[in-house]
Amino acid sequence: MKRSFDTIVLGCGGLGSAALYWLSRELGGEVLGLEQFAHGHERGGSHDHSRIIRLSYGVTDYTHLAVHTYPCFAELEEESGVQLVFKTGGLDLSPTPAGQPGELGSFAAAMRESGIDFETWSAEDTMRHFPQFRLPGDVQVLYQKDAGLVDARKGVMVHALMARRNGAALLDQTAVQGITPHSDGVDIDTTQGRFSARRLVVTAGAWLTPVLRLVGLKLPITVTREQVSYFSSPHLRDFAVGRFPVWIYYGNQDHCFYGFPVYGEAAVKAAEDVGGQATTAETRSYDRDQRSDHSLRAFMQAHLPSALGPELYTKTCLYDMTPDRDFIVDFLPQHPNILIVSGAAHAYKFSSLLGKIAAELTLTGQTTFGIERFGLDRPGLTDPGFTPSFRLQGEALSP
Ligand SMILES: Cc1cc2nc3c(=O)[nH]c(=O)nc-3n(C[C@H](O)[C@H](O)[C@H](O)COP(=O)(O)OP(=O)(O)OC[C@H]3O[C@@H](n4cnc5c(N)ncnc54)[C@H](O)[C@@H]3O)c2cc1C
């Protein structure tokens, strides 16, 4: 077995499989992916039928980047013949007291600055376009036509399959247990023996903390056990792709909910963002969260009653959040051969683009894309007094 490579990718979930693909286009057989579980497993952050892909964000660092995500997936779709992105239109909704800019003011400004078309709708407009919704009059809504869903499960597999077709190696059921950086590369000890490489790309998701421990480092990553639910609505037709958008409702008191048209199951999917309990990737359970169940059902009963029906299933999944909920895309200052790529629990839509950026950084040390916001030397990661931009359920509201 080949043991020495130009680049090794540690963790082949959503971001790692994408990095493996984009690296394989340049390196062919000189790139190796290592995955501790069976490839495509359901223990991390990238396993489900759908993830929201959107251009609407509240800061231009993301809106500028978001316009480049679709072409990356389109190249992969073209090469593989597998459709991954489904445009459904997307709604960002937020109750906004009259005369206040509200949560969505920054979204509108950032999209305008990035030249992204969108429409501002009232609650009435929204219920006219999508009568499935029940909305209070003070809800502000942004509609963006290119938003939709990306098939995360297929995306992980197709990125890896195309990487392998380009000559890359992917070893799953191969856990990394030791990392020894040295001046001209990195030695990686695994359950399948030692490998070495000029560069290491770490895309370990919710396992970033135990992986960094292997090089004696620590970052303030919060892991939560999240859950999504599929409801067997008797009004399934009303929620079909083409009749219903992806949506995100930025509610009061930091309660944020989101959902999808019917995809992957004969059911309507919805969930609460940061609705789960803090945990770790090593100790997490697969138990559902009763509080989150109730919170989601209450929301759906109030705003999307016809989407409800007998529950098909609820599944859990792990968020890995930085305190500022910004990505990490940076080389370790202590070990400049090691690149960290972490998605702060909103990165599947960017997975192929982040894979491309990781490839550019690994091969040339630089990238054409704007990643200044994602550096390791920022207050969100270095200031122990930094107030997280998210609140875990049950935590007191910040004053
Ligand atoms: C419920 C939920 C809903 C979400 N909704 C959206 C959405 O709508 N839109 C969006 O853009 N994003 C969304 N996200 C976020 C997005 O899914 C994640 O940011 C992204 O999938 C994370 O990918 P990853 O590669 O970082 O992590 P993962 O896919 O978890 O991959 C990390 C991999 O590293 C492997 N690994 C770790 N340690 C080792 C080791 N020592 N040796 C070998 N392998 C190792 C793990 O086994 C795993 O396969 C959501 C996430 C969740 C949980």
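The values are calculated or read from the model by the stated rules, or taken from the named source; none is laboratory data. Everything numeric here is computed off the predicted structure, so don't read it as measured data. Backbone-built Cβ (ideal geometry, glycine too); neighbour counts: all protein chains shown. Please note that ligands, DNA and RNA were not included when accessible areas were found on the heavy atoms of the full protein model with its side chains. Shrake-Rupley method; radii C 1.70, N 1.55, O 1.52, S 1.80 Å.
So which residues in the stretch 1-18 are crowded, with 24+ Cβ neighbours inside 10 Å, polar (S, T, N, Q) and more than 10 Å from residue 201 (Cα to Cα)?
17
Where the second residue is part of a helix (DSSP H, G or I) and the first is more than 16 Å from residue 318 (Cα to Cα) and lies in the stretch 280-305, which pairs have Cβ atoms under 8 Å and are six or more apart or on separate chains?
Listed by first residue and then by second, the contacts come to 300/307.
Of the conditions (1) in contact with a strand residue (DSSP E or B) (Cβ under 7 Å, 6 or more places away or on another chain); (2) of a type outside the set (Asp, Glu); (3) surrounded by 15 or more Cβ atoms within 10 Å (Cβ to Cβ), residue 178 satisfies every one except a single condition; which number is it?
(3)
Give, as residue ranges, the strands (runs of 3 or more DSSP E) completely inside the stretch 114-158 that count at least 2 residues that are open to solvent by 20 Å² or more (accessible area, probe 1.4 Å).
119-121, 139-144
Quick check, is residue 15 over 18 Å from the mean Cα position of the chain (by Cα), at pLDDT 95 or above and near the ligand (Cβ under 9 Å from one of its atoms)? Even if it seems obvious, please write down each step before you answer.
Numbers: over 18 Å from the mean Cα position of the chain (by Cα): no; at pLDDT 95 or above: yes; near the ligand (Cβ under 9 Å from one of its atoms): yes.
Spelling it out, it is not the case that residue 15 is over 18 Å from the mean Cα position of the chain (by Cα), at pLDDT 95 or above and near the ligand (Cβ under 9 Å from one of its atoms).
If a residue has to be more than 14 Å from the ligand (Cβ to nearest atom) and under 12 Å from residue 225 (Cβ atoms) to count, how many in the stretch 264-277 make the cut?
0
What single numbered condition from (1) in the same structural domain as residue 262 (by TED's automatic domain parsing); (2) of a type outside the set (Val, Ile, Thr); (3) in a loop (DSSP other than H, G, I, E, B) fails to hold for residue 392?
That leaves (1) as the condition not met.
Looking at 231, 244, 260, 239, can you tell me which residue is open to solvent by less than 40 Å² (accessible area, probe 1.4 Å) and under 27 Å from residue 11 (Cβ atoms)? It would help to see each step written out before you state the result.
On the way: 231 fails: under 27 Å from residue 11 (Cβ atoms); 244 fails: under 27 Å from residue 11 (Cβ atoms); 239 fails: under 27 Å from residue 11 (Cβ atoms).
Only one candidate qualifies: 260.
Scan the stretch 56-81 residue by residue and report those that are open to solvent by 10 Å² or more (accessible area, probe 1.4 Å) and either within 18 Å of residue 372 (Cβ to Cβ) or within 14 Å of the ligand (Cβ to nearest atom) (or both). Lay out the reasoning, then the answer.
Residues of the stretch 56-81 that are open to solvent by 10 Å² or more (accessible area, probe 1.4 Å), as a first pass: 57-61, 64, 67-68, 70-71, 74-75, 77-81.
Passing the criteria: 57, 58, 59, 60, 61, 64, 67, 68, 70.
All but one of (1) more than 30 Å from residue 175 (Cα to Cα); (2) modelled with pLDDT under 95; (3) not charged (D, E, K, R) hold for residue 257; which doesn't?
(2)
Just to be sure, is residue 225 more than 10 Å from the ligand (Cβ to nearest atom), at pLDDT 95 or above and of a type in the set (D, E, K, R)? Full working, then the answer.
On the way: more than 10 Å from the ligand (Cβ to nearest atom): no; at pLDDT 95 or above: yes; of a type in the set (D, E, K, R): yes.
Judged against the criteria, residue 225 is not a match.
State which residue is farthest from residue 257 (Cα to Cα) when the search covers only the stretch 19-36 and only residues that are within 8 Å of the ligand (Cβ to nearest atom) and open to solvent by less than 40 Å² (accessible area, probe 1.4 Å). Outline the logic, then answer.
Narrowing the stretch 19-36 to residues within 8 Å of the ligand (Cβ to nearest atom): 34-36.
Still in the list and also open to solvent by less than 40 Å² (accessible area, probe 1.4 Å): 34-35.
Details: 34: 34, 35: 31 Å.
Here the residue is 34.
Looking at the stretch 315-342 only, could you name the residues that are polar (S, T, N, Q) and either in contact with an Asp or Glu (Cβ under 7 Å, 6 or more places away or on another chain) or open to solvent by 30 Å² or more (accessible area, probe 1.4 Å) (or both)?
Step one: of the stretch 315-342, the residues polar (S, T, N, Q) are 316, 322, 334, 337, 342.
Scanning the stretch 315-342 gives 316, 334, 342.
If you check 246, 241, which single one turns out to be of a type in the set (Val, Ile, Thr), within 14 Å of the ligand (Cβ to nearest atom) and in contact (Cβ under 8 Å) with a residue 12 or more places away in the chain?
Values: 241 fails: within 14 Å of the ligand (Cβ to nearest atom).
None of the other options fit; the residue is 246.
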